[in-house]
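The values are calculated or read from the model by the stated rules, or taken from the named source; none is laboratory data. Computed from a prediction, not measured in an experiment: that's the story for all the values here. Glycine gets a Cβ as well: all are built from the backbone with ideal geometry, and neighbour counts include every protein chain shown.
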Amino acid sequence: MTVTAPAPPKTRRVVFPFTAIVGQEEMKLALLLNVIDPKVGGVMIMGDRGTGKSTTIRALADLLPEIEVIADDPFNSDPTDPELMSDEVRQKVTDGISLNTVQKKVIMVDLPLGATEDRVCGTIDIEKALSEGVKAFEPGLLAKANRGILYVDEVNLLDDHLVDVLLDSAASGWNTVEREGISIRHPARFVLVGSGNPEEGELRPQLLDRFGMHAEIRTVREPALRVQIVEQRAEFDRDPQAFCEQHQSEQDALQERLIQARDLLPQVNLDYDLRVNISEVCSELNVDGLRGDIVTNRAAKALAAFEGRTEATVDDIRRTIVLCLRHRLRKDPLEAIDSGYKVEKAFNRVFGIESSEES
């Protein structure tokens, strides 16, 4: 049995509303689809400086509905799903011990560039383990990020080994720390979001491939739109609370839509012939492995769920396939990432819509 405590009053600093962000539709769509189905595998956002990458990700975390967690648990354990519980909580649930739960905002963990592996994964106190016979574990950022969002700005400047650790945890949903024969593991299921500026170097292709989606964002060029963005930011800075209240109804509507999409997702079907066509596109583009096929299937279903449908369509695939495949075409680290032209061309041919080049 669990006892639920109400969420604490809002004392957090005000965050720019997600629904007020102008443009950058590709990035927003990729983030929303990952929130609906975290198994899509995260998003890599590459683009110019000052295009609102960090603002958008913080806004997304603020938009998400509160989650129920076990009180005073460092891993944000879910009271009902064993896959999202720490071993200690799972044992208590198995033994029928009553646990208190609280409502909590989804956490966004910002990974600093200079973070060490111990800070990311957590550490085991060997002395305490040997002298007291207990597994003394100091949780790291992966523990804090469980059931939340892990954001790595300038991920292309992060040590490759650390990127590997993050991607392994994101893929398996677990983090394992081993030292001197002592092993501890805990749930680490999070939406991994990386961002970077292409001028500072790309990720190696084999690391890039591990991200589910790749969104490209560019500086807005239309003067009228730029003015709108600047004015909105000035209005927010002048009175953040009032600005957020203006957008509260849109925020609530989008939050409700995300909740409904998550509930609907297990019922969404993607026709067999469409799945074959997706794999044919991947094969024609010479995409290594099967990640591209899997992610495109998941993203198309997530988009259908987001729009309240139980049947994914060719249009759902068209709107997600570039995001899922463009970063998987690079074989040479010095080669630029495809803008989407090659993927669109292959999609149009396989799906028999060569005539509608504008799509």
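See the values below:
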| item | result |
| --- | --- |
| Residue match in the stretch 113-120 (condition: within 22 Å of the chain's Cα centre (by Cα), farther than 23 Å from SER183 by Cβ, part of a loop (DSSP other than H, G, I, E, B) and at pLDDT 85 or above) | no |
| Residue that is outside the structural domain of THR19 (by TED's automatic domain parsing) and more than 26 Å from the chain's Cα centre (by Cα), where the choices are GLU250, GLU235 | GLU235 |
| Test for LYS53: is it surrounded by 15 or more Cβ atoms within 10 Å (Cβ to Cβ) and either over 19 Å from the mean Cα position of the chain (by Cα) or over 21 Å from LEU141 (Cβ atoms) (or both) | no |
| Extreme residue, surrounded by the fewest Cβ atoms within 10 Å (Cβ to Cβ), among residues of the stretch 300-324 that are part of a helix (DSSP H, G or I) and touching a strand residue (DSSP E or B) at 6+ places or on another chain (Cβ under 7 Å) | ALA304 |
| Pair list, Cβ under 6 Å, 6 or more apart: the stretch 65-94 residue part of a helix (DSSP H, G or I), other residue basic (Lys, Arg) and surrounded by fewer than 18 Cβ atoms within 10 Å (Cβ to Cβ) | PRO82/ARG90 |
| Of residues in the stretch 73-91 being buried (at least 19 other Cβ atoms within 10 Å of the Cβ) and acidic (Asp, Glu), the one modelled with the highest pLDDT | ASP78 |
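Okay, residues lined up against (1) in contact with a Phe, Trp or Tyr (Cβ under 7 Å, 6 or more places away or on another chain); (2) of a type in the set (Val, Ile, Thr); (3) modelled with pLDDT under 80:
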site: MET1; (1), (2), (3): no, no, yes
site: ALA5; (1), (2), (3): no, no, yes
site: LYS28; (1), (2), (3): no, no, no
site: GLY41; (1), (2), (3): yes, no, no
site: ILE45; (1), (2), (3): no, yes, no
site: PRO65; (1), (2), (3): no, no, no
site: ALA71; (1), (2), (3): no, no, no
